[in-house]
Every structure is written in C-alpha cells, then in structure tokens.
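K.L.:
Please find one structure pasted underneath; my questions will follow.
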Amino acid sequence: MDERTPSWGIEPVPDRLRVLGLVDSVLLWGNLSVSLLVIVAAAVLVPALSLKQALVAIVIGALAGNLLPGLAAMIGADARVPGMVLLRAPLGRRGSYVPTVVNVAQNLGWSTFELIVISTAAAALSKRAFGFEARWLWALAFGCVAIALALLGPIGFVRRYVRKFAVWAVLASLVYLTWWVLDKSNLHQFWHAGGEGGLSLGQGIDLVIGSIVSWTPLAADYTRFSRDRRAAFFGAGVGYFVPTLWCFGLGALLVLSRNVTDAAALPAAVAAGGIVSGFALLALTVDESDEAFADVYSTAVSIQNVLPDVSQRVLIVLVSATATVGAIVIDLRNYQTFLFLLGSVFVPLFGVLLADWLLAGGHYRQRDVFQGPAVRLEQLAAWFVGFGLYQWLSPQGPSWWTNLVDHLHPGHATWTASLPSFAAAFVLATAAGLLRPRENVTGAGRRSREPLARPR
C-alpha cells in the first residue's frame with residue numbers, strides 16, 4: 001500500500017507503511033475536528049445554558065473527551081490494526097462483533113449527518129448565488145466526493161489532500177468567520193445573560209464529550225499508519241482539542257449573535273453575511289467532506305472485522321450510497337439525542353479497552369488480537385454495566401428506550417454521566433482481567449487460531 005494503492009485490510013500494518021508522523025497526525029485530526037457539525041452542535045448548548053456555562057461545558061468536555069481518542073490512537077499505533085479488530089483483545093473475536101455493529105450504525109449516522117450539514121450549507125450558498133437550493137443534488141454530489149476521498153485511504157488523504165489544500169482553506173475560513181461573528185457580538189451582554197434552561201451543565205459536558213468520543217472507536221483505523229505511539233497520541237489528542245474549542249465557541253457566539261435557535265438554520269445565517277462570509281462557508285463546506293471521508297472509510301474497515309474477505313473499495317461505495325440516501329430523506333431533529341446516546345455506548349467501551357491494554361503491560365501482541373478466545377463475557381459484562389450506569393444516571397435514546405428506563409427511576413446525574421460510566425467499566429474490566437490471567441486467555445486462543453485476513 002502507498003498513496004496510489006490505498007486499501008489495507010485487518011492485518012497489522014507493516015513497518016514500511018507506518019509513515020504518518022506527528023505533523024501528519026496533527027493535521028489529520030485538526031482537520032477532522034473543524035466541522036460545521038460541531039458548530040451546529042453548539043446550538044444545543046445555548047441559549048439553554050448561559051454563555052459562561054456553555055464555555056465551562058466546552059472546556060471540561062473537550063479536556064475529558066480528547067483524552068479518550070488520544071489514548072485510543074496510541075493503542076491503535078501500538079497494535080497496528082483497525083479499531084474494531086483491536087477490540088478482539090478485550091472482548092474476544094466474536095465478542096468484538098457487538099461493538100462493530102454499533103460502530104457501523106454510528107458511522108452511518110455520522111456520515112448521514114455530515115452530508116445533511118454539507119448539503120444544507122451548499123443549498124444556502126446556491127440559493128444566495130444562483131436562486132435555487134436543490135439540497136438533494138448537493139447531497140448526491142458530496143456523497144460522490146466522500147467516495148473519492150475514502151478511496152484515497154488515510155495516507156493518500158493526508159498527503160495529497162489535507163497537507164496540500166484542505167488545511168489552508170479551513171484555517172482561512174475559520175479566521176474570517178471568527179472575525180465576522182465577533183464583529184456582530186455584544187460580548188458584555190452575552191457574558192452576563194442567564195440561560196433559558198432545558199439543559200443542565202452536566203448534560204452540556206456530556207454533549208461535548210459525546211461529539212468527541214465518537215472518534216474513539218475510529219482512531220486506530222488511521223493511527224495504525226502512524227510512525228510511533230507518540231505521534232498518534234499527541235496528533236489525535238492535541239490536534240483535535242484546539243479546533244474543538246474554537247468551533248464550539250464560535251457556534252455558541254453565532255447562535256447568540258444571530259438569534260438562531262434552529263441548528264439546521266446556521267449555514268443559512270452564515271451565508272447571509274455577504275460575499276466573503278459566503279466564501280468562508282464554502283471553504284468549510286468543502287472541508288466538511290473530510291469528516292464524511294472518515295466516517296465512510298471507518299464504516300468499511302469496521303465491516304471488514306466481520307467480513308474480512310469483502311473488498312474494502314466495494315464497501316466504501318455501498319456505505320457512501322446508503323449515507324447519501326439517508327441525507328436526502330431525513331433531517332437534524334434527533335441530533336442531540338444521537339450525541340448523548342453515542343457517549344453512553346463508547347465511553348464505557350473505551351474503559352474496558354484501556355483496562356485490558358494496561359493489564360497486557362501497555363502493549364498488545366499480535367496473538368492478543370488474533371489468537372484470543374471467541375468471547376470474553378466478563379469484559380462484555382463490564383461494558384454493559386458501564387452503559388447501564390450511564391443510562392440510569394442520564395437516560396438517552398429513542399422514546400421507547402427512555403420510557404423503559406423510566407421504570408428504574410433514573411435521572412440521578414447532577415454533574416455528568418460520562419465519567420462515572422467510564423470509571424465503572426474500567427474498574428470492573430480491571431477486576432475481571434486480574435481474576436482471569438492473560439496467560440490462560442492466550443493459551444486457549446492457540447487451540448483455535450483464526451487465519452489472518454489478506455490486504456484488500
């Protein structure tokens with residue numbers, strides 16, 4: 001594999017392909033964190049919270065949230081396999097299929113949301129410039145762009161797209177949009193105004209964490225190509241952190257300064273700012289294709305954990321087509337619930353992974369991933385308990401689920417549900433690992449070794 005042959009399956013990445021250094025990683029994750037979808041998410045924080053509370057939620061959520069994908073990126077660089085394949089170590093080969101199904105569903109959801117935001121922004125620009133919207137046409141066009149970028153693969157994407165073009169376009173657009181928002185903001189009034197209610201500070205923190213932690217199961221898909229663990233950790237953790245603060249803060253001020261309370265109306269509000277702001281929004285819209293690339297690519301790689309012999313290129317096309325259809329027929333109404341639900345699933349899951357990795361001495365060998373047992377029920381149980389605790393503290397999800405949880409008298413979170421959920425899963429996974437020595441696990445795995453998949 002090189003920039004011209006981007007596909008690589010679930011086998012550990014060889015040393016010759018571990019070429020992404022610290023600068024590459026910072027640019028990759030920094031570019032992925034600059035997102036119209038993050039700016040849209042800020043519309044949930046304010047005016048429900050005051051600006052002071054929203055900024056506290058953003059800072060705390062970003063600090064806690066970015067640590068998780070940073071550590072996941074480091075573990076991925078250590079093991080050199082995709083994220084869902086990595087979960088074979090703590091959960092077992094077949095046990096990893098459970099989070100794989102969830103991850104495929106969340107990536108499809110993110111892909112769809114990305115294309116919704118992209119097409120909404122593009123439609124706002126085209127209406128202002130040419131007098132027509134045709135959001136469905138823009139969704140279709142950017143769905144094709146996502147396919148093209150995903151087929152480049154991580155190395156080609158960073159070297160041929162991000163470094164040469166995307167990073168400069170998005171930086172220029174962010175600088176201009178920041179000036180534009182601040183120029184129309186009464187910061188003194190915003191700072192002293194109270195929140196309207198409907199969202200607690202803890203829920204705001206969980207929302208920010210949820211928007212970040214969704215990258216945790218994807219991190220290894222890209223950092224398996226990193227030169228070393230340091231580049232992976234700082235590239236993902238630091239590279240994602242600063243733009244996250246920037247975009248969430250920018251989104252909060254944009255909502256307050258333009259009195260926009262509907263998340264889907266944010267792109268149109270920016271487009272109405274004039275020709276220069278329209279160009280800035282255009283640059284951000286094009287850059288949003290980066291997130292669509294990552295979601296489409298990771299969905300395909302995740303599916304290969306279950307179906308390693310299916311062509312990655314075919315999966316990329318199928319996934320992108322599904323997300324494009326979804327972007328045409330649905331809207332953003334359930335976006336807030338979606339973010340909270342993601343946090344309740346993936347925060348405790350990473351607690352299990354981190355505990356198992358530390359018990360392995362901070363290093364996964366190939367046999368830990370590919371020669372373990374089919375299922376490690378005790379680690380799956382630790383994950384489920386963490387998920388259950390999150391939902392008990394702060395029920396999130398579709399109405400049929402929250403109605404079911406209501407029978408357990410939930411809603412006890414006064415600060416945040418993410419940290420207790422993570423801690424519970426981590427402690428239980430650690431206890432389970434100590435009670436079941438790793439030597440017994442790997443020994444059992446040798447009796448039923450799974451053949452390695454070929455690169456696709």
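The values are calculated or read from the model by the stated rules, or taken from the named source; none is laboratory data. Because the structure is a prediction, the values reported are computed rather than measured. Counting neighbours? That spans all protein chains shown, and the Cβs are built from the backbone with ideal geometry, glycine included. The area values use the complete protein model at the heavy-atom level, side chains included, leaving out ligands, DNA and RNA. Shrake-Rupley method; radii C 1.70, N 1.55, O 1.52, S 1.80 Å.
K.L.:
Determine whether GLU114 is touching a residue at least 40 places away in the same chain (Cβ under 8 Å) and of a type in the set (Asp, Glu).
P.N.:
Values: touching a residue at least 40 places away in the same chain (Cβ under 8 Å): yes; of a type in the set (Asp, Glu): yes.
Considered against the rule, which asks whether it is touching a residue at least 40 places away in the same chain (Cβ under 8 Å) and of a type in the set (Asp, Glu), GLU114 comes out as yes.
K.L.:
In this structure, does PRO90 turn out to be in a helix (DSSP H, G or I), under 30 Å from LEU359 (Cβ atoms) and touching a Lys or Arg at 6+ places or on another chain (Cβ under 9 Å)? I'd like the intermediate steps shown before the answer.
P.N.:
On the way: in a helix (DSSP H, G or I): yes; under 30 Å from LEU359 (Cβ atoms): yes; touching a Lys or Arg at 6+ places or on another chain (Cβ under 9 Å): yes.
Criteria met by PRO90.
K.L.:
Could you list, in sequence order, all residues of the range 136-148 that are open to solvent by less than 60 Å² (accessible area, probe 1.4 Å) and in contact (Cβ under 8 Å) with a residue 24 or more places away in the chain?
P.N.:
ALA139, PHE142, GLY143, VAL145, ALA146, ILE147
K.L.:
Among the listed residues PHE113, PHE190, which satisfies the condition of being under 27 Å from SER302 (Cβ atoms) and of a type in the set (Phe, Trp, Tyr)?
P.N.:
Result: PHE113 is the single residue among PHE113, PHE190 that is under 27 Å from SER302 (Cβ atoms) and of a type in the set (Phe, Trp, Tyr).
K.L.:
If you check ALA129 against the conditions, is it surrounded by fewer than 22 Cβ atoms within 10 Å (Cβ to Cβ), in a helix (DSSP H, G or I), among the small types (Gly, Ala, Ser) and without any contact (Cβ under 8 Å) to a residue 40 or more places away in the chain? Lay out the reasoning, then the answer.
P.N.:
On the way: surrounded by fewer than 22 Cβ atoms within 10 Å (Cβ to Cβ): yes; in a helix (DSSP H, G or I): yes; among the small types (Gly, Ala, Ser): yes; without any contact (Cβ under 8 Å) to a residue 40 or more places away in the chain: no.
Taking the combined requirement at face value, the residue does not satisfy it.
K.L.:
Can you list the helices (runs of 4 or more DSSP H) found entirely within the range 250-366 that contain at least 1 residues being at pLDDT 75 or above and surrounded by fewer than 24 Cβ atoms within 10 Å (Cβ to Cβ)? Write out each step before concluding.
P.N.:
On the way: elements: 266-271, 275-287, 289-306, 312-329, 335-359.
Counting at least 1 such residues, we get 275-287, 289-306, 312-329, 335-359.
K.L.:
Can you tell me how many residues within the range 84-108 are open to solvent by 10 Å² or more (accessible area, probe 1.4 Å) and either touching an Asp or Glu at 6+ places or on another chain (Cβ under 9 Å) or at positive phi (or both)?
P.N.:
2
K.L.:
Moving on. Is it the case, given these coordinates, that ALA79 is modelled with pLDDT under 95 and closer than 30 Å to PRO267 by Cβ?
P.N.:
On the way: modelled with pLDDT under 95: yes; closer than 30 Å to PRO267 by Cβ: no.
The answer is no for ALA79.
K.L.:
List pairs: first residue in the range 376-402 and of a type in the set (Phe, Trp, Tyr), second residue in a loop (DSSP other than H, G, I, E, B) anywhere in the structure, Cβ distance under 6 angstrom, at least six positions apart or on different chains.
P.N.:
TYR390/ALA417; TRP392/PRO410
K.L.:
Can you tell me how many residues in the range 173-189 are among the hydroxyl-bearing types (Ser, Thr, Tyr) and surrounded by 19 or more Cβ atoms within 10 Å (Cβ to Cβ)? Steps first, answer last, please.
P.N.:
Residues of the range 173-189 that are among the hydroxyl-bearing types (Ser, Thr, Tyr), as a first pass: 173, 176, 178, 185.
In the following step, the residues that additionally are surrounded by 19 or more Cβ atoms within 10 Å (Cβ to Cβ) were identified as 173.
Residues that pass the stated criteria total 1.
K.L.:
On to the next question. Since LEU115 meets every condition but one in (1) modelled with pLDDT of 90 or more; (2) of a type in the set (A, V, I, L, M); (3) open to solvent by less than 10 Å² (accessible area, probe 1.4 Å); (4) assigned to a helix (DSSP H, G or I), which condition does it not meet?
P.N.:
Only one criterion in (1) modelled with pLDDT of 90 or more; (2) of a type in the set (A, V, I, L, M); (3) open to solvent by less than 10 Å² (accessible area, probe 1.4 Å); (4) assigned to a helix (DSSP H, G or I) is unmet by LEU115, namely (1).
K.L.:
Being more than 30 Å from VAL255 (Cα to Cα), open to solvent by 20 Å² or more (accessible area, probe 1.4 Å), of a type in the set (Asp, Glu) and touching a helix residue (DSSP H, G or I) at 6+ places or on another chain (Cβ under 6 Å) narrows it down to one of ASP78, ASP24, ASP15, so name that one.
P.N.:
Step by step, each of ASP78, ASP24, ASP15 is checked, and only ASP78 is more than 30 Å from VAL255 (Cα to Cα), open to solvent by 20 Å² or more (accessible area, probe 1.4 Å), of a type in the set (Asp, Glu) and touching a helix residue (DSSP H, G or I) at 6+ places or on another chain (Cβ under 6 Å).
K.L.:
Please tell me if VAL117 is under 16 Å from LEU32 (Cα atoms) and of a type in the set (A, V, I, L, M, F, W, C). Please lay out each step first, then the result.
P.N.:
Numbers: under 16 Å from LEU32 (Cα atoms): yes; of a type in the set (A, V, I, L, M, F, W, C): yes.
Answer is yes for this residue.
K.L.:
With respect to ASP228, is the statement that it is surrounded by fewer than 21 Cβ atoms within 10 Å (Cβ to Cβ), modelled with pLDDT of 90 or more and under 26 Å from GLY65 (Cβ atoms) true? I'd like the intermediate steps shown before the answer.
P.N.:
Details: surrounded by fewer than 21 Cβ atoms within 10 Å (Cβ to Cβ): yes; modelled with pLDDT of 90 or more: yes; under 26 Å from GLY65 (Cβ atoms): yes.
So ASP228 fits the description; yes.
K.L.:
Scan the range 308-317 residue by residue and report those that are in contact with a helix residue (DSSP H, G or I) (Cβ under 8 Å, 6 or more places away or on another chain) and among the aliphatic types (A, V, I, L, M). Spell out the reasoning first.
P.N.:
Narrowing the range 308-317 to residues in contact with a helix residue (DSSP H, G or I) (Cβ under 8 Å, 6 or more places away or on another chain): 310, 312-313, 315-317.
Hits for the range 308-317 are VAL310, LEU315, ILE316, VAL317.
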